[in-house]
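What follows is a set of notes on a single structure, which appears directly below.
The values are calculated or read from the model by the stated rules, or taken from the named source; none is laboratory data. Everything quoted here is computed from the prediction, not taken from an experiment. When we count neighbours, we look across all protein chains shown, and the Cβ atoms used for this are built from the backbone with ideal geometry, even at glycine.
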Amino acid sequence: MPTKISASKSSELRAEREALVSKGSAAYTSVVIAKALNAKVWDVDGKEYIDFAGGIGALNVGHCHPAVAAALREQAGKLLHTCFHVAAYPGYTEVCRELIGVAPIAGRKKAVLLNSGAEAVENAVKFARAFTRRKGIIAFDNAFHGRTLLCLTLNGKYKPLRQGFGPCPPEVYRSRFPYPYRPPHGVKPEHLTEYCLQELDRLFQTDIAPEDTAAMILEPVQGEGGFVVPSAGFVKALRERCDKHGILLIIDEVQTGFGRTGELFAIEREGVSPDLLVTAKSLGAGMPISAVVGKAEIMDAALPGAVGGTYGGNPMSCAAALAVFKIFREEKLVLAAQRIGRLVEKRFDAFLDRFPFVGDSRGVGAMRAIELVADKKTKAPLPAARVKEILHACEDGGLILIKAGAHDNVLRTLMPLTIPEEDLNRGLDILQGALESFRL
Ligand SMILES: Cc1ncc(COP(=O)(O)O)c(C=O)c1O
């Protein structure tokens with residue numbers, strides 16, 4: 001139990017944060033962390049939490065996995081930095097070899113390593129434009145691709161992401177993403193895919209011709225948008241339209257990748273092969289690294305020096321990533337995601353049956369969510385302030401859980417795939433307790 005003195009340590013640090021850190025940096029919880037291991041974290045006052053956020057999906061191998069920590073210790077004594085443009089080192093090319101080996105892309109592939117998801121998305125767009133010599137990029141509503149200027153133009157959420165930051169880069173067009181729980185008025189669920197494809201075809205008529213379109217970019221399951229699984233056949237139909245018009249398909253697996261959905265990459269379940277795949281987050285187990293993997297001819301379309309940067313794929317991050325690949329194989333984490341997913345799905349489906357304010361239970365593999373509503377019939381979103389009450393109750397009970405969605409009313413699971421079943425159940429029990437004590 002936290003003592004009175006140690007409790008003030010957290011509040012002291014929160015006050016420091018308030019005074020020293022830009023308000024633009026979000027504070028999803030009030031937890032101030034001292035240390036972490038696997039699926040547990042401890043705050044500066046010694047209070048223990050189960051972590052269902054995993055650094056927003058960056059810790060599928062868990063906090064401080066011993067193999068990652070050992071790889072980093074060893075690397076730190078050997079080589080910290082050269083900049084890959086100046087002098088190559090084996091870790092970089094080994095990570096590229098691993099990524100090329102697992103990326104579900106047909107034909108000969110190449111890769112490039114960067115620092116963050118947003119940076120990788122930016123570079124995927126650059127490759128697509130350089131290869132096709134076209135400018136148009138189609139993104140989807142409710143999407144999230146990052147916080148750089150181009151990425152926030154790709155994002156399908158205006159506030160708080162884009163507001164005040166314009167003008168945004170041109171030649172980005174938005175089409176509708178099928179959101180089965182919230183179809184457009186009058187559209188039946190069985191017609192949702194067809195409706196969204198018609199919207200795309202309309203966009204080709206009204207805003208950008210297919211022959212001027214370089215790429216479409218989408219998340220195979222929307223992450224920040226609220227764990228939205230597109231309706232059946234949508235992604236395959238996009239691939240067909242891309243093939244027909246010479247448009248490239250960029251799949252953003254920054255949040256879905258590395259096992260989250262019960263496949264190494266979520267696009268595998270669609271049976272679709274992208275032209276470019278973007279990955280980050282859990283590739284590095286907490287170290288900053290991201291990648292674009294793609295067809296070799298597309299990846300070679302950029303001129304030397306046009307992509308990369310000082311730190312992209314730095315030796316420490318590569319050491320962590322190589323450990324991640326090994327851990328995934330040895331600990332069979334893709335299967336673990338399927339097991340976790342089944343368990344969470346059962347509990348979430350029970351929440352849907354039981355609580356009047358749980359409107360939807362959805363997801364794929366261990367990427368699961370419940371959407372909270374004020375009224376199940378109208379599906380009016382539960383106001384964000386009320387959602388916060390539930391999240392605070394979770395935090396009080398010792399669970400770190402975060403929200404998502406256009407209305408900030410979706411609770412999502414991004415726990416490490418290494419989480420022991422006992423911790424998983426404990427976390428779910430804490431959430432259940434928070435839902436039980438909530439009154440509409
Ligand atoms: C699907 C997706 N793409 C891109 C990003 C941006 O990644 P980063 O925050 O590393 O720039 C995120 C981050 O949450 C994401 O979920």
Selection from region 366-392 of residues touching a strand residue (DSSP E or B) at 6+ places or on another chain (Cβ under 9 Å) and either surrounded by fewer than 19 Cβ atoms within 10 Å (Cβ to Cβ) or among the basic types (Lys, Arg) (or both) yields 368, 374, 375, 376, 379, 380, 384, 386, 388
Check whether at least one residue in region 386-397 is part of a loop (DSSP other than H, G, I, E, B) and either over 20 Å from the mean Cα position of the chain (by Cα) or without any contact (Cβ under 8 Å) to a residue 40 or more places away in the chain (or both), and report yes or no. no
Do the conditions hold for residue 282, that is, is it among the polar types (S, T, N, Q), at pLDDT 95 or above and within 16 Å of the ligand (Cβ to nearest atom)? yes
In the list 100, 105, which residue meets the criterion of being in contact (Cβ under 8 Å) with a residue 12 or more places away in the chain and either in a helix (DSSP H, G or I) or closer than 28 Å to residue 183 by Cα (or both)? 100
From (1) under 24 Å from the mean Cα position of the chain (by Cα); (2) exposed (fewer than 14 other Cβ atoms within 10 Å of the Cβ); (3) of a type in the set (Lys, Arg), pick out the condition that doesn't hold for residue 78. (1)
Pairs, first acidic (Asp, Glu) in region 266-292, second in a loop (DSSP other than H, G, I, E, B), C-beta under 8 Å, six or more apart: 268/104; 270/220; 275/105
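Considering each residue of region 15-52, count those that are under 17 Å from residue 396 (Cβ atoms) and hydrophobic (A, V, I, L, M, F, W, C), and give that number.
9
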Please go through region 235-265 and pick out each residue that is over 17 Å from residue 106 (Cβ atoms) and among the small types (Gly, Ala, Ser). 237, 257, 259, 262
All strands (runs of 3 or more DSSP E) inside region 108-185 with 2 or more residues being within 16 Å of the ligand (Cβ to nearest atom) and farther than 26 Å from residue 199 by Cα: 109-114
Residues of region 203-234 satisfying the condition of being of a type in the set (A, V, I, L, M, F, W, C) and closer than 25 Å to residue 104 by Cβ: 214, 215, 216, 217, 218, 221, 227, 228, 229, 232, 234
Residue by residue through region 204-225, note down the ones that are more than 22 Å from residue 130 (Cβ to Cβ) and crowded, with 19+ Cβ neighbours inside 10 Å. 204, 219, 220, 221, 222, 223, 224, 225
Region 285-296 - residue that is among the hydrophobic types (A, V, I, L, M, F, W, C) and in contact with a Gly (Cβ under 9 Å, 6 or more places away or on another chain) and, of those, farthest from the ligand (Cβ to nearest atom): 296
Select from region 216-272 the residues that are within 16 Å of the ligand (Cβ to nearest atom), within 22 Å of residue 102 (Cβ to Cβ), not acidic (Asp, Glu) and not in a loop (DSSP other than H, G, I, E, B) and list them in ascending order. 217, 218, 235, 249, 250, 251, 266, 267
